[in-house]
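Here is the structure we will look at.
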Ligand SMILES: [Zn+2]
């Protein structure tokens, strides 16, 4: 959403830098998750182990989120990923973490407290559903190789804050401690599916997060070659007035942006406005060709758009879809 927004917003917009900074944070988080994935490869071939990413569950009308949840028949492991540059100092006295980059300090919540809270929430989630109890371990993984991990006092020790290259050894030692099977493999598969089913992706439009109104978002089909907006419709294709580039289906990406940035519902009039089309008939044909679900009849017909956040790899960082690794 942030990526699509930056491409359709004037750099002079008062929120431009905030939106860009948020995108950078999400990308860093995503890079961290990829790092962790690489080090979890050793375990991902095991048929009885499930790995869920970016799981977001509801409990008592509130949501909690887990970066990575490892489900084994013996033990669950909650993993919090931190991709942070500079020095990361843990301070148990004030229950905080301090990040220092080039003399600039910033405070965060203590990651161990954070994972312990997630553990309590997950336990409650299981109790509410009368699911079997199972031991849960928590782990904080620092995925940025250049991070210096420190504590405010030498007596402060954390067995569950580790660097990403030590993940394999840490997990193997936890598995060695928990040999007793708490949940049979078959039931574990069901529980994994249940967790994925109950996952809710957080989604809000730029208007709700940044106060960016639809009127501030540039409309039109974007040229994939030179990024010019808008392309013009000629016969059965789109043409760029800047570079002469052509596209048959540029409207698909444009309507995907519409779904991410403005609304997941659109009617013929709104399509014409957003794609810069004059003909109601052409707008109708385009909508028909996309085989969208719709409601209402003729002039009141509204089409349902589903944003495809997985279209490009760079968009995956924005996704919060809980997906099993296999
Ligand atoms: Zn162009």
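The values are calculated or read from the model by the stated rules, or taken from the named source; none is laboratory data. Because the structure is a prediction, the values reported are computed rather than measured. Here Cβ is always computed from backbone atoms with ideal geometry, including for glycine, and neighbour counts include all displayed protein chains.
Please go through (1) away from the ligand (no atom under 14 Å from the Cβ); (2) touching a strand residue (DSSP E or B) at 6+ places or on another chain (Cβ under 7 Å); (3) farther than 16 Å from residue 285 by Cα; (4) not assigned by TED's automatic domain parsing to the domain that holds residue 54 for residue 198 and return the number of the only condition it doesn't satisfy. Condition not satisfied by residue 198: (4).
The residue of the stretch 218-231 that is farthest from the ligand (Cβ to nearest atom), among those that are more than 21 Å from residue 16 (Cβ to Cβ) and surrounded by 18 or more Cβ atoms within 10 Å (Cβ to Cβ), is 221. In the set (1) more than 25 Å from the chain's Cα centre (by Cα); (2) within 16 Å of the ligand (Cβ to nearest atom); (3) within 25 Å of residue 3 (Cβ to Cβ), residue 234 fails one condition alone, (3).
Among the residues of the stretch 7-19, the ones that are surrounded by 15 or more Cβ atoms within 10 Å (Cβ to Cβ) and out of contact with any helix residue (DSSP H, G or I) (no Cβ under 6 Å at 6 or more places or on another chain) come to 4 in all. Every condition in (1) part of a helix (DSSP H, G or I); (2) away from the ligand (no atom under 16 Å from the Cβ) is met by residue 263 except one, and the failing one is (1). Examine the stretch 202-217 for a residue that is within 16 Å of the ligand (Cβ to nearest atom), out of contact with any strand residue (DSSP E or B) (no Cβ under 6 Å at 6 or more places or on another chain) and modelled with pLDDT of 95 or more, and state whether such a residue exists. No, every residue in the stretch 202-217 fails to be within 16 Å of the ligand (Cβ to nearest atom), out of contact with any strand residue (DSSP E or B) (no Cβ under 6 Å at 6 or more places or on another chain) and modelled with pLDDT of 95 or more. Somewhere in the stretch 120-139, is a residue more than 21 Å from the chain's Cα centre (by Cα), surrounded by fewer than 17 Cβ atoms within 10 Å (Cβ to Cβ) and in a strand (DSSP E or B)? Looking through the stretch 120-139, none of the residues is more than 21 Å from the chain's Cα centre (by Cα), surrounded by fewer than 17 Cβ atoms within 10 Å (Cβ to Cβ) and in a strand (DSSP E or B). Within the stretch 237-260, the residues that satisfy the criterion of being without any contact (Cβ under 8 Å) to a residue 24 or more places away in the chain and either crowded, with 19+ Cβ neighbours inside 10 Å or away from the ligand (no atom under 14 Å from the Cβ) (or both) are 238, 240, 248, 249.
One residue stands out among those in the stretch 42-88 that are part of a loop (DSSP other than H, G, I, E, B) and at positive phi: the one that is nearest to the chain's Cα centre (by Cα), which is 61. Taking first residues from the stretch 23-34 that are assigned by TED's automatic domain parsing to the domain that holds residue 143 and partners that are at pLDDT 90 or above and in a helix (DSSP H, G or I), the Cβ contacts under 9 Å between residues at least 6 apart in sequence or on separate chains come to 23/2; 23/3; 23/5; 23/6; 26/2; 32/164.
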